[in-house]
Amino acid sequence: MASLQAEPTFAGSSLKGPALKGSGRGALPAEGLAKAVVQARVPRLRLLSKDMLVILVVIDLALVSGAALLGAIGYQFALAGQLRDTEIYVAVSLGLAALTVVTMILDGAYRVERQGDEGKLTRRAFFSFNSAFSVLVCFLFLTHFTDFYSRGSLFTQYAAGCGALLLGRVAAGWLIATAVRAGYLEAQRIGLIGTAQAIAAFMVNQPDRTALRFTAFELPDWAVCPSSVADENELHDIITRKISGLRKAAVEEVVILIPEQERDLINRLVRGCTHLPVGLNLVLDHELFDPQTIEVRRFGWKNAVKLCQPPLSALDQVAKRMFDITTAIAGLVALAPLMVLVAIAIKLDSQGPVFFRQNRHGYNQRPFRITKFRTMTTLDDGPVIRQATVNDTRITKVGAILRRTNLDELPQLFDVLRGDMSLVGPRPHALAHDWEFESKIPAYARRHNIKPGLTGWAQIHGLRGETDTDDKMRARVEHDLYYIDHWSLLLDIRIIITTMFSSRAYRNAR
């Protein structure tokens with residue numbers, strides 16, 4: 001959890017007291033936010049976001065260009081014992097470094113709030129470098145440089161440049177995180193203004209290793225809804241003091257943690273903060289959308305906040321449908337012998353039909369009958385359906401094997417051909433479970449904005465099997481919504497390949 005300063009300063013992880021309800025692991029206590037006092041070290045170096053960007057860009061430019069050039073020189077000396085066309089290798093190395101940095105800037109890899117997550121930053125750097133290298137190779141090919149440019153030198157430039165970039169990003173992330181934890185570096189000062197409960201809930205979701213420093217400015221709980229003229233006057237004085245405190249703290253960004261329906265209080269805080277040279281942010285208090293999809297649109301003279309993207313466009317739907325049909329037909333042809341053997345095994349193992357059919361919700365909550373190989377002795381399809389559990393006695397011997405290997409899902413290829421399902425999408429649940437979780441998870445219904453799939457983004461991350469807690473289903477829904485908001489054919493292909501070859505796709509299968 002990230003460090004947080006209040007009036008006075010405290011470190012959230014060191015507080016003791018009753019935790020907030022529903023705050024999750026590492027929650028901050030609601031009581032005592034303003035009482036705990038921890039002496040914070042004054043940072044010796046303070047960097048703004050733009051300063052951090054410049055420093056990291058210069059480091060990456062030097063690392064990639066230097067390593068790529070040394071790789072080419074080393075290859076030339078190892079091969080011919082001499083160096084030729086030095087200026088060309090210098091130009092290519094600088095071009096590769098520049099393209100890499102531009103790609104990383106466009107990808108947001110240098111944003112200050114992302115520093116400290118070495119794993120994610122390293123993956124982004126690898127993707128950016130490969131994209132830049134692909135562009136460079138295309139350029140060399142189109143300009144006929146490849147006619148005389150050494151392919152061996154190009155390979156060594158790739159290996160050296162990529163290796164140097166990844167090592168540099170890991171080292172930079174570690175150094176930044178270490179400096180922030182030790183108090184030597186402060187990248188950005190963020191002021192949080194809201195009730196103690198709202199601030200505590202916000203901080204729970206902040207990573208520990210981040211180049212941000214938060215300062216809390218608490219409002220009393222009654223500030224959200226003052227009940228008298230005296231309260232209004234007192235609230236005015238409190239807001240004035242908080243604005244003064246924000247100015248003295250020299251914050252660069254202010255985050256307002258007030259429910260969006262409390263427009264009067266939000267307007268007061270916004271008007272007060274306009275007197276400060278700060279960036280102003282309002283945290284939206286619901287789960288119906290992916291925060292990365294939020295944008296502001298203008299309709300005439302009015303502005304509107306787009307909370308989520310619309311479903312697939314007409315062209316997207318055509319492309320996805322064509323991919324589904326061709327792949328499903330190919331899959332049925334290739335897997336037909338296996339499906340016949342599975343059907344025979346089911347008939348020999350237990351009494352009952354080969355296929356199990358059940359009502360599910362599809363696109364736009366249209367009902368359809370899903371088809372699976374039968375794996376249980378029961379054929380439940382009513383208002384109450386018990387989920388399969390570990391060592392469930394209803395699962396047959398053959399059924400246990402089919403469920404562990406995902407082979408029970410193969411008949412859904414026919415559902416794909418009928419148009420009820422897609423190869424990739426949110427997994428459809430029994431109607432009884434849909435009704436249960438729609439009342440508990442606000443964003444659950446958005447899963448039906450796209451056709452359900454045989455496999456999905458949630459499944460390849462191990463989120464499958466029994467959903468015996470709301471948190472398990474909530475995690476699954478979050479992954480499903482990410483897929484809906486970031487759909488592409490390449491993502492579908494990636495999910496299908498991962499489903500077939502990654503052990504995570506089979507985790508929790510039963």
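No value in this document is a laboratory result; all are computed from the given coordinates. Nothing here was measured: the structure is a model prediction, and the numbers come from that model. Note: ideal-geometry Cβ built from the backbone for every residue, glycine included; neighbour counts use all protein chains shown.
The table for this structure:
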item: Estimated vicinal HN-Hα couplings, Hz - region 163-178 in sequence order (Karplus 6.51, -1.76, 1.60; Gly, Pro = x); result: x, 5, 5, 5, 5, x, 5, 5, 5, 5, x, 5, 5, 5, 4, 5
item: By average C-beta atoms within 10 angstrom, highest first, the peptides 191-198, 372-379; result: 191-198, 372-379
item: Test item: Cα-centred dipole of region 185-285, Lys/Arg +1 and Asp/Glu -1 on Cβ, debye; result: 440 debye
item: Packing-based order for 472-483, 392-403, using average beta carbon neighbours within 10 Å, highest first; result: 472-483, 392-403
item: Computed log₁₀ I(q)/I(0) - Debye formula, equal Cα scatterers, no solvent, region 49-182, q 0.10, 0.11, 0.22 Å⁻¹; result: -0.34, -0.40, -1.24
item: Under-5 Å amide H pairs with Thr396, H placed in peptide plane, nonlocal only; result: Met376, Thr377
item: Region 356-455: C-alpha gyration tensor shape, a/c 1.5 cut-off, then a/b vs b/c; result: oblate
item: Karplus (6.51, -1.76, 1.60) ³J(HN,Hα), θ = phi - 60°, over region 498-503, in Hz, Gly and Pro reported as x; result: 5, 4, 6, 10, 9, 5
item: Sorted by Cβ density within 10 Å, fewest first, the residues Met203, Met339; result: Met339, Met203
item: Global geometry of region 330-412, whether rounded, prolate or oblate, following the gyration tensor of its Cα atoms and the 1.5 cut on a/c; result: oblate
item: Sequence-distant residues sharing a close amide H with Phe217 (under 5 Å, placed H); result: Leu192, Ile193, Gly194
item: Cα-based shape type of region 314-506, given that a ≥ b ≥ c are square roots of the gyration tensor eigenvalues and the cut on a/c is 1.5; result: oblate
